[in-house]
Structure formats: structure tokens, C-alpha cells
1. Which distance in Å, rounded to a whole number, links the C-alpha centroids of region 463-477 and region 316-362?
2. Compare the peptides 230-236, 451-457, 204-210 by average per-residue count of other Cβ atoms within 10 angstrom and give them in order, highest first.
3. Would you list, by chain and number, the lysines whose Cα falls below 17 Å from the Cα of Lys169, excluding same-chain residues fewer than 8 positions away?
4. Highest mean first, how do 346-353, 389-396, 472-479 rank when packing is the count of other Cβ atoms within 10 Å averaged over residues?
5. Mind listing the long-range amide H neighbours of Gly234? Cut-off is under 5 Å, sequence gap 5 or more, other chains count too, H placed in the peptide plane at 1.01 Å from N.
6. Give me the distance between the Cα centres of region 588-662 and region 430-461, rounded to whole Å.
7. Separation between the Ala276 and Thr618 pseudo-spin-labels, each 7 Å from Cα along Cα→Cβ, expressed in nm?
8. Sort Arg335, Arg162 so that the residue with the fewest other Cβ atoms within 10 Å of its own Cβ comes first and the one with the most comes last.
Amino acid sequence: MTQMNFMKNSGFSLVEVLVSLVILSTGLLTMATFHSSVISDSNDNKNRGEAIVLAQERLEQMRNFSDLAPDEEAFEQQFPASTEFANATRHSGVNALFIRQEKITDNDNTKFISVQVSWKTTADVSEYVTLETELTWHSTSLSGNLDTSAATGPMVRSATGRATLGKGKITDEELLKNVVYGNGDTTGLLDKGDGDLLLLSGSDVVLTLEDACEIDNNNERTHVPCTGFVEISGTVYIDRHSSSMDIGQVHVIASDAAYCQSYYVVDNQPFEINAATTRALTTANNDYEYFQYTCYLGGGWHGNIGILVDGPISACMGDPTASHASLTPNVAIRRVYRGMAFGYESDGTTKVADNNGDTIYYSVGVADALKLPEEGQAGHDFVIASLTSTDGAECVTDAKKLAAPMFHTDANLYGTDGDLFTGVPTDFVCLNQDDTWVDNTKLQAFGYAIDNYCPFNPSDPPSAQHSINGSIHIDADSSLLTQISAIEAYTSDGFYNCETFAPELVGSKYQISYQCQVYDWGEGWTGYIQITPDLSVINCSNYQLFYSGANPITADQGLATFNCAAKDGVIPDPDPDPAPDPDPGPDPVLGTVTITGNIIQSGAGRFDYVSMTGGSCTVSGSTYTCSSLEFDLATYWSGTLSYSASKKVACLGSPSDNLGGTIAVTEGSSKATLELISVSSGNINVDATFAKSCN
């Protein structure tokens with residue numbers, strides 16, 4: 001009994017030990033399960049990232065086919081069509097074994113390439129990612145050595161740039177020895193002193209810029225700062241009225257050797273967007289959820305930056321407040337970055353051309369350490385929404401009871417609908433617009449030159465090029481020669497597609513000849529040509545010539561003529577303080593007629609253009625404004641507005657006022673007209689609807 005009491009007071013019974021073991025093991029099991037879950041989620045995220053890198057790597061290899069395909073026949077042999085995924089290769093990752101395979105589909109003159117990388121998760125569930133692109137041998141988006149001035153096909157050089165995909169990890173010891181400079185987006189830069197600049201995500205080396213840092217003759221780092229990565233950044237907005245996808249489903253990726261970091265910032269603290277992210281930031285009225293991104297690249301790169309999601313998606317890009325057609329929104333899933341260069345024949349003045357006489361353009365990439373956007377410029381944003389077509393008008397057109405994706409309340413910051421996106425570039429960024437954006441290394445190496453514009457988007461080369469030759473006739477004397485010489489022409493494709501020549505005196509009138517280059521993607525060119533006279537001294541019968549779907553340009557044209565004349569009683573003042581005054585009488589009081597209205601696209605109806613005789617029109621988002629030339633208020637003004645529908649019919653609402661004259665409306669076909677006869681100066685509102693019918 002004494003012994004039993006001793007054991008009881010000094011230790012534990014078998015039952016107590018067993019109970020304790022059960023409790024302890026249950027706690028350990030719970031902790032182990034939790035720890036295993038965390039590790040599993042982390043591994044799965046890393047596996048997806050590695051799979052995307054593997055797929056991008058293969059697409060890059062397939063793009064750089066020039067050494068293997070010197071002609072079209074070799075290109076077809078190199079990329080034979082397949083009906084299913086094939087050419088499987090195995091790749092060992094950090095936590096999984098990846099299988100990469102590809103499928104090639106013929107699509108007219110292009111090859112549609114799909115690269116799929118699959119693996120199994122820690123839970124033995126099969127996962128995969130698929131990246132896609134198109135390749136063509138007959139392409140005007142070219143770069144490379146030109147061996148002969150009589151080029152007949154592409155000689156493509158890598159678009160990768162001077163960065164390479166990073167490999168491996170940085171050890172704790174290396175992190176202690178070196179300083180990692182944060183980029184403000186959870187990534188960092190590391191200069192180990194060996195000449196290379198590394199981009200880190202955590203301890204992973206995700207991108208390397210080789211020989212970016214100066215090394216002296218003793219292999220020691222000098223004090224000269226490293227050449228930095230190219231950085232392109234913006235914001236991804238998700239229209240929460242039309243899309244419910246999780247923020248973690250959206251990936252920003254760039255082609256070739258690049259790394260894109262998605263993140264958001266709260267109280268100056270950046271947070272990475274990954275597959276586990278369910279919420280980021282929202283605008284004031286919850287119209288948009290959004291996050292930032294930065295893509296890191298090497299100098300010389302040209303390619304695409306786009307969005308990758310689980311499922312079909314499109315995004316709006318462009319400026320909904322812009323009036324020029326080349327700047328307004330369009331729909332795509334990627335934005336193209338390229339410069340377009342050309343070479344000279346041996347005479348140093350004649351541009352290298354193909355057998356049709358058209359200039360051959362070569363792609364050129366970004367300058368070293370370029371940062372876009374530059375200070376004061378808009379970000380390279382995407383607006384993700386559920387869109388039913390690739391028509392950019394859908395980005396700025398209300399649908400059913402929903403506001404247009406780019407016109408929600410939160411997109412109006414400063415009093416104009418859509419001004420949140422003012423200045424956002426479209427789906428093509430022409431690097432030529434600023435010569436500091438272009439890779440001068442390549443221009444100098446190949447003797448290339450550039451204009452300050454791109455004639456077309458080289459990622460979507462046209463099937464034909466047409467010239468429109470026209471003239472501007474001005475009935476005026478030599479006192480207006482300065483103003484006449486300043487008149488230029490441009491097209492709806494951009495401000496630099498026309499060449500305007502010096503004025504010549506033909507009879508009693510001056511004549512300015514111009515030539516515009518327009519591009520045809522198979523159905524003819526549609527758009528407009530506009531001239532830029534000084535409206536204070538010169539009147540023209542019209543300022544725009546339109547070519548719609550009913551009369552597209554399908555061949556070279558030579559009929560585009562504008563007729564202008566000096567305003568009655570206008571005498572240019574060569575002396576800022578003339579004496580005596582050549583017109584001592586009182587100046588007339590001038591006014592204009594202005595018509596504004598909403599552009600409403602209902603159902604399948606689509607707006608094409610609006611024009612005005614004796615005036616000009618601008619379109620901003622879903623509204624238009626047409627203003628007449630100035631006229632003496634002692635007289636009346638007459639003119640006609642034409643509204644054209646590219647699909648269905650054009651219909652007009654009731655004018656808000658008659659301005660004291662007669663207003664006649666004709667509608668019900670693809671073109672509606674608003675005729676104003678002997679009206680006084682003032683403003684009226686007329687809404688234009690494009691729909692199946694005018695009921």
C-alpha cells in the first residue's frame with residue numbers, strides 16, 4: 001500500500017499517460033495538417049509560375065525561327081500542323097515534374113501556336129496552363145539583318161532583348177553580403193558585383209540583365225550605376241458591374257524574356273497578387289476593383305504585354321475622351337510594343353522597298369532602362385469587362401441597364417465621363433513617337449532610320465497599301481500665303497500618314513497637293529482625310545472626306561479634293577500695329593451654330609461617323625459636337641449634318657430648338673441627315689441612335 005501510494009504521488013498512471021499522448025498527438029496532427037496545407041498552397045502557386053515560364057520559353061524559341069526557316073517552304077516544314085498536343089518534353093521543377101507539349105493549327109497564312117504545360121499538385125490533381133500566339137512567315141513586323149537591298153521576305157531576329165530568364169535562388173549568405181534594393185512592388189534588385197543585375201522575387205532570381213554593371217580590369221565593380229531594367233507599368237481595372245472573377249485569377253504576362261509583377265499598395269506597403277488573393281483595391285463607388293503591375297524587360301525587347309485569365313476575357317484599352325479615331329478605345333487581350341525602322345539603298349536616300357515598291361519596315365525594340373509611362377503620362381491600363389464583341393465602341397456604349405465599361409461613375413474624376421482613362425494608350429504603342437524610346441544600338445548596328453510615327457500596327461500587318469492623291473484648292477491672293485503654306489492633311493489612322501507639298505499658283509488659285517498612305521486589311525480602307533486650314537481667315541466647303549463601308553478604298557485613288565477660299569473681307573495684318581487701318585469700318589460680330597448630342601448604339605446598330613458641311617465634327621466617347629464656321633450675326637447660316645451607320649440604320653431625335661430657321665430630318669437608312677436652313681447662331685441638341693429600325 002505504501003509503495004502504491006509512493007508511485008501515485010511521484011508519477012503518472014498508464015491511463016493518464018495514454019490520455020496525454022492522445023491529446024498531444026491530436027494537437028501535433030492539427031499543426032502538421034495546417035503546416036502541410038500552407039506548404040501545399042505555396043508549392044501550387046510556385047508550380048503555376050514555373051509552368052508559365054516554361055510555356056513562355058517555348059513560345060520564344062518558336063518565334064525565333066529565322067535560322068531554321070530561311071524561306072516559306074522551310075517555315076512550313078519547321079511548323080507542321082497537328083490535330084492534338086504533341087512533341088512532349090519533361091522538365092524538372094523545384095516541386096513538380098512538368099510536361100510541355102504544343103499544338104500547331106493552320107489559320108489562313110498564319111500558324112496558331114498553343115503551348116501547354118501540365119503537372120500534378122501535391123494532392124495528385126492534374127493542372128495545366130496554356131499560352132497561345134500566332135506566327136507567320138509573310139510578315140511586315142520584322143527585325144534583322146538585311147543581306148540584300150532587294151529583300152523579298154523576312155529575316156527575323158530575336159525580340160527577346162538583352163535580359164534572360166533568371167534561374168536558381170539567392171542564398172541567405174548572399175543576401176547578407178549584398179544589399180537588395182526594393183522596387184516598391186515586392187520585387188528587388190541585386191548587384192552581386194559580378195557585372196550582372198538580378199531581379200528577385202523573394203529569393204528566386206526571375207530575370208537577369210547580363211553585363212549591366214561596369215567591371216574594371218581587376219574584375220571589381222566600379223562606382224558607375226548599373227544600367228537598369230526596362231519597366232512598363234499600369235493598372236488593371238475589373239468592371240465589377242459585368243465581371244465577378246477573383247482578382248487572383250488575373251495574370252499580367254509579357255512575351256519572351258520578361259517578368260511581370262502584380263501588386264497593390266496599402267499605407268505604402270506593397271502586397272503581391274497571387275492565386276490566393278481574393279480582394280485588392282476598389283474605387284469609391286465599387287465600380288472597379290484594381291491592382292497595379294510592372295513588367296521588367298531588357299533593352300532591345302519588343303513584343304506584347306497582356307492579361308491571362310482562367311476563361312475567355314477581353315479588355316478595353318485607349319482613351320475614351322479622345323476625339324481622334326486613332327486614340328479611341330479598342331478591345332484586345334494584349335498591348336503591342338514596337339518601333340518601325342527602315343533601311344536605305346546604297347544611295348543613302350532611297351528607302352528599301354519590296355517588289356511592289358512598298359517600304360520594308362523592320363521591328364526595333366525599346367531603349368535600355370526605359371520607363372513607361374514617363375512622368376506625367378497615363379498608365380498602360382487594362383479595363384477587364386464582359387464584352388460581346390471586339391468593337392471598341394462597346395467600351396464606351398451603355399448596354400441594357402449597365403453603363404459603358406469605361407464610363408462608370410468612378411471613371412469621372414474631373415467632370416468628364418471616362419477621364420480616369422484619359423491618355424491611356426490603345427492596343428499598340430508605337431515606340432517611334434519618341435526617339436528616346438527606341439533601341440539606338442540596333443539602329444546604329446544596321447544603319448536603320450525611323451520616322452516619328454508608325455504607319456500601321458505591325459502585329460496585324462495589312463494585306464495591301466493604297467495611296468490617296470489629292471489636292472486642296474484655295475482661292476486667295478498672296479497676302480495669305482503664310483496661312484496657306486501651313487495647311488496640312490492627315491487621316492483617321494494618325495497624324496503623320498499624309499505628305500503635304502508646297503503650294504503652287506495655278507491660274508488664280510493656290511493648289512496644295514498631298515499624298516496619304518492607307519492600309520487595307522482585306523475589305524478596303526475606311527476612315528477619313530482631314531485638312532487643317534486657319535479657320536480665322538480661310539473657309540472650305542468641307543474639312544473631312546469620309547470613306548465608309550459603302551465606299552471603301554480598295555485601290556490607289558486620285559480624286560480627293562478640297563475647295564477653300566479666303567473669308568470675305570479678310571485682309572491679313574502684316575504689321576501688329578498698322579497705320580492706317582486697311583479696314584477702318586467696324587468688325588462684324590461673329591457667331592457659330594453648334595450641334596451636340598449622344599451617340600446611342602442599340603442592339604446590333606453601330607455608329608460610323610458624323611460630318612458637317614461648312615464646319616467640323618468631333619466625337620468623344622458616346623457624344624459628338626459639330627460646330628459651323630464663324631459667320632456674321634447679321635446674316636444666317638445653312639448647312640447639313642450627315643450621320644452614318646456602319647451597321648443597321650441611323651435615326652435622329654427631335655432637335656431641342658429651331659434657332660429661328662428651318663430644320664429638316666431625313667432618317668431610316670444607313671445615313672441620316674439634319675439640314676439646317678437660314679438659322680441663327682446658337683446651340684441645339686440632337687441625339688443620334690443607331691439601331692435595327694427607327695421605331
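1. Computed from Cα coordinates, the inter-centre distance equals 21 Å.
2. In decreasing order of mean packing, 230-236, 451-457, 204-210 become 230-236, 204-210, 451-457.
3. Within the straight-line limit of under 17 Å, Lys169 reaches these lysines: Lys46, Lys177, Lys192.
4. Order by mean packing, descending: 389-396, 472-479, 346-353.
5. Tyr293, His380
6. Spelled out, the Cα-based centre of one part sits 39 Å from the other.
7. Distance between the two pseudo-spin positions: 5.1 nm.
8. Lowest to highest Cβ neighbour count: Arg162, Arg335.
Throughout, read-outs are computed from the coordinates displayed, never taken from laboratory work. Not measured: the values here are computed from a predicted model. Cβ coordinates were reconstructed from backbone atoms using ideal geometry, including for glycine residues, and neighbour counts include every protein chain displayed.
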